[in-house]
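Below is one structure, written out as structure tokens, with a few remarks after it.
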Amino acid sequence: MRVRQEVQTLPRSSCLTKRLALEPCSTRSEALASLTETFRLRGIENPGREARLTICAAAGVSQVVFIAAPQGPLGSAASTVQEFARRRVGGEPLSRIVGKREFWGLSLAISPHVLDPRPETETIVEAAIGSLRDRRDKPLRILDLGVGSGALLCALLTEFASARGVGVDISADAAMVALGNLDARGLSDRAEIRVGDWTTDLEGSFDLIVSNPPYIPTADLPELPREVRDFDPCVALDGGFDGLAAYQRIMPESRSLLARPGWLLAEFGARQTADVTVVAKQCGFNDTMTYKDLSGLDRVLAARLL
């Protein structure tokens, strides 16, 4: 512990200079050992895995190639590996560094203007498939409120091949990222992206409304991990005083936009199950259930009007 604290007090560039003296002739295995130790001392979780992924991303090689040829030289990628490592040590997630994130098996572009989509949000896609399993081939209408990168909308339009979607975001920059991802996946002919404030100026009816809204109580924002606090846009995190502000807009406004039977699926945070369910029932949703994420935590509320 003492060694770790001493290293952390060094200037960032000094630490990396000592730990990452990488040259074009340095091998991938040498780089892996150096990055793993640096990441470990900086308190990065799973330092070995993070180091391997960082090297693969910087060098443009797959993990299969890395494992098959660990003695391969870094070559011209040595400086890029060092730059990626410097940024990762500074707390920047690798997905932010490379500008890409995999979500539901899709490679999606991200930018500083959008939330970095995370695996737990895939629970919404699973819930949608479960809730609409008998209508997978129907021409459904899907609405994504707070579309961000377009991750949810891309995944849902991929799973529901006859569906059409509308995505709304208050950020014009985020809307451009969503449009780019939809276009890259060949889905833009079935989707429309709008810049707006939640449901303002929208007209129903939608068979499915999904949202991963901001749900972190304002007072809790400073306590978030730095990968989230310092790199995700605040507008996508700040859920107001109690974290429920977005639900208090989305849920009552969704009533007039939902077809019957239609589902509203919303992600929520830790210890918010009861509160979000109460908001839904107060808004007239008389059939609700929750879905758990891969960690076994309540993550998504499914609600509908009967």
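Here are the numbers for the structure shown:
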quantity	calculated
Members of segment 101-118 found to be surrounded by fewer than 18 Cβ atoms within 10 Å (Cβ to Cβ) and either at pLDDT below 95 or closer than 20 Å to PRO225 by Cα (or both), listed by number	SER111, PRO112, ARG118
Residue in segment 51-61 that is free of Cβ contacts under 8 Å to residues at least 24 places away in the same chain and loosely packed, with under 15 Cβ neighbours inside 10 Å present	yes
Complete set of residues in segment 150-159 that are in a helix (DSSP H, G or I) and either without any contact (Cβ under 8 Å) to a residue 12 or more places away in the chain or buried (at least 22 other Cβ atoms within 10 Å of the Cβ) (or both)	ALA151, LEU152, LEU153, CYS154, ALA155, LEU156, LEU157
Counted residues, segment 160-197 - those being in a loop (DSSP other than H, G, I, E, B), polar (S, T, N, Q) and more than 13 Å from HIS113 (Cα to Cα)	1
Filter pass, ARG255 being surrounded by fewer than 20 Cβ atoms within 10 Å (Cβ to Cβ), assigned by TED's automatic domain parsing to the domain that holds LEU152 and within 30 Å of PRO139 (Cβ to Cβ)	yes
Boolean, SER149 is in the same structural domain as VAL300 (by TED's automatic domain parsing), under 18 Å from the mean Cα position of the chain (by Cα), among the polar types (S, T, N, Q) and under 27 Å from ALA245 (Cα atoms)	yes
Any hit, segment 267-279, residues being assigned by TED's automatic domain parsing to the domain that holds LEU115, surrounded by 14 or more Cβ atoms within 10 Å (Cβ to Cβ), under 16 Å from LEU145 (Cα atoms) and not hydroxyl-bearing (Ser, Thr, Tyr)	yes
Residues of segment 162-178 satisfying the condition of being charged (D, E, K, R) and farther than 25 Å from LEU140 by Cβ	ASP173
Filtered residues of segment 235-278 (kept if of a type in the set (Ser, Thr, Tyr) and either touching a helix residue (DSSP H, G or I) at 6+ places or on another chain (Cβ under 6 Å) or within 26 Å of SER111 (Cα to Cα) (or both))	TYR247
Cβ pairs under 8 Å, 6+ apart, first in segment 240-253 and farther than 12 Å from ALA266 by Cα and at pLDDT below 95, second assigned to a helix (DSSP H, G or I) and among the hydrophobic types (A, V, I, L, M, F, W, C)	none
Residue match in segment 216-225 (condition: of a type in the set (A, V, I, L, M, F, W, C), crowded, with 17+ Cβ neighbours inside 10 Å and out of contact with any Asp or Glu (no Cβ under 8 Å at 6 or more places or on another chain))	no
Pair list, Cβ under 7 Å, 6 or more apart: segment 185-211 residue more than 17 Å from ALA174 (Cβ to Cβ), other residue hydroxyl-bearing (Ser, Thr, Tyr) and surrounded by fewer than 13 Cβ atoms within 10 Å (Cβ to Cβ)	GLY204/SER256
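Listed here are the residues, each with its yes/no results for (1) buried (at least 23 other Cβ atoms within 10 Å of the Cβ); (2) within 20 Å of VAL300 (Cα to Cα); (3) in contact (Cβ under 8 Å) with a residue 24 or more places away in the chain.
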{"residue": "ALA128", "(1), (2), (3)": "yes, yes, yes"}
{"residue": "SER131", "(1), (2), (3)": "no, yes, yes"}
{"residue": "ARG135", "(1), (2), (3)": "no, no, yes"}
{"residue": "ASP144", "(1), (2), (3)": "yes, yes, yes"}
{"residue": "VAL147", "(1), (2), (3)": "yes, yes, yes"}
{"residue": "ALA163", "(1), (2), (3)": "yes, no, yes"}
{"residue": "VAL177", "(1), (2), (3)": "yes, no, yes"}
{"residue": "ASN181", "(1), (2), (3)": "yes, no, yes"}
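The values are calculated or read from the model by the stated rules, or taken from the named source; none is laboratory data. Note that the structure is a prediction, hence the values are computed from the model and not measured. Ideal geometry is used to build each Cβ from the backbone, glycine not excepted, and the neighbour counts take in all protein chains shown.
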